[in-house]
Amino acid sequence: MISFFKIFILAVIQGATELLPVSSSAHVIIAEKLMGLDPTKPQMTLLLVMLHTGTMLAVMVFFWSSWKANFFKSKQASLESIKYIAAATAATGLVGIILKIVIDKIILKGVSHPEIESLFGNLPLIAASLAAVGGLILWAGFKEIRPSEAKKPLGLKTSCLIGMVQGLCLPFRGFSRSGATISTGLILGVEKKRLEDFSFALAVVLTPPVILMEALRFLKAQHLAGHQGPSIISLFLPSIIGMALSFISGFLALKWLSSWLEQGRGYLFGFYCLSASVVIFFLHSQGL
């Protein structure tokens, strides 16, 4: 059983970092390890997606007026937005399925019950993922500082490419979803405000199936361990409290992220990710 204090700390970290392009999952996992928790356990992965639910709600509240203006201003705009979001989500799913097959057959070959979640506590992999997304953010940021061409509309092809990059983020903690998708769009020449709205709209669509998947994984683990209902109920109450806390801190983080992107300082998050990567490699070398 996780203490309320630990859940409170994790909720604040999750909410403060989820919607910044620095990988909330990496920060939460490091915090879990420092507190002696195993981030690969079903109880912990379920808690993480419950915290994600809080930040998903923060996204919906924060972007609602902007989404209405951009995505739903007319019937044509609504249909176009749905088409782009559906195409990107389909691309995400396709890449995710391919990656799962590759990971199960190659990386986790020989493991009796291979699960992608078993990679979540791998600190060298997290550090490498942070370094990769840090480089991507810097590339996009410096390209934005020195624009060489007019901004392009989102388009179906660009939506699919962004969705494919989002798929690459699914199994690798540290490869920031928002950082990777927004940076990909910037590199492709799409206007940053449009990208911000689109990226977080994709997060809203992606979160429910992930919640369902982790909830089923947790329930399966409870069943195999022979636990009864009360143990599940005792977990959900603090998780819901954590979800509320992550909603508040996530909403505040969104305001900050939006401000930074509007001022053209998003590239600084790239330096942060590279620095965090070095710190995580160091912590791993010290036995964390």
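The values are calculated or read from the model by the stated rules, or taken from the named source; none is laboratory data. Note that this is a predicted model, so its numbers are computed, not measured. Glycine also receives a Cβ, built like all others from the backbone with ideal geometry; neighbour counts cover every protein chain displayed. For accessibility, only protein heavy atoms count, side chains too; no ligands or nucleic acids. Shrake-Rupley method; radii C 1.70, N 1.55, O 1.52, S 1.80 Å.
Our coupling estimate for segment 184-198, obtained by passing each phi through the Karplus curve with A = 6.51, B = -1.76, C = 1.60 and θ = phi - 60°, is 4, x, 5, 5, 7, x, 7, 5, 5, 5, 4, 5, 4, 4, 5 Hz, Gly and Pro reported as x.
In the chain, helices alone account for a calculated mean residue ellipticity at 222 nm of -26000 deg cm²/dmol, with every DSSP H run of four or more residues adding -39,500 (n - 2.57).
Amide H contacts under 5 Å for V190: K152, restricted to partners 5 or more places along the chain or on a different chain, H placed in the peptide plane at 1.01 Å from N.
Based on protein heavy atoms only, the chain ends up with 47 Å² per residue of surface accessible to a 1.4 Å probe.
List nothing, just return the count: lysine pairs in segment 1-123, 8 or more apart or interchain, with Cα separation under 19 Å. Please list the in-between numbers first.
Values: K6/K33; K6/K41; K33/K41; K41/K100; K68/K83; K73/K83; K75/K83; K100/K109.
Step by step, the pairs that qualify in segment 1-123 add up to 8.
The fraction of accessible area contributed by carbon and sulfur in segment 9-73 is 66 percent, rounded to a whole number (1.4 Å probe; ligands and nucleic acids excluded). Taking 19 Å as the straight-line reach from the Cα of K157, the aspartates and glutamates in range (excluding those fewer than 8 positions away in the same chain) are E80, E149, E191, E196, D197. FRET efficiency for the S112 to A69 pair, using the beta carbon distance and R₀ = 45 Å, is estimated at 0.30.
Out of these labelled values of Cα extents along the principal axes in Å, [x] 59, 43, 37; [y] 61, 39, 29; [z] 46, 44, 34, which was calculated from the coordinates shown here? Matching the structure shown: [x].
Multiply the residue separation of E191 and A86 by 0.36 nm, subtract the distance between their alpha-carbon atoms, and state the gained length in nm to one decimal.
Numbers: separation 105, 0.36 × 105 = 37.80 nm, distance 2.00 nm.
Here the segment from E191 to A86 would lengthen by 35.8 nm.
Ordered by packing density, taken as the mean number of other Cβ atoms within 10 Å over each peptide's residues, highest first, how do 105-116, 156-167, 36-47, 209-220 rank? If you can, show how the numbers build up before the last one.
Numbers: 105-116: 11.3, 156-167: 20.6, 36-47: 19.1, 209-220: 14.9.
Highest-to-lowest ranking by the protection proxy: 156-167, 36-47, 209-220, 105-116.
Round to the nearest 10 and give me the degree value, 0 to 90, for the angle of helix 229-262's Cα axis relative to the longest principal axis of the chain. The angle comes out near 30 degrees.
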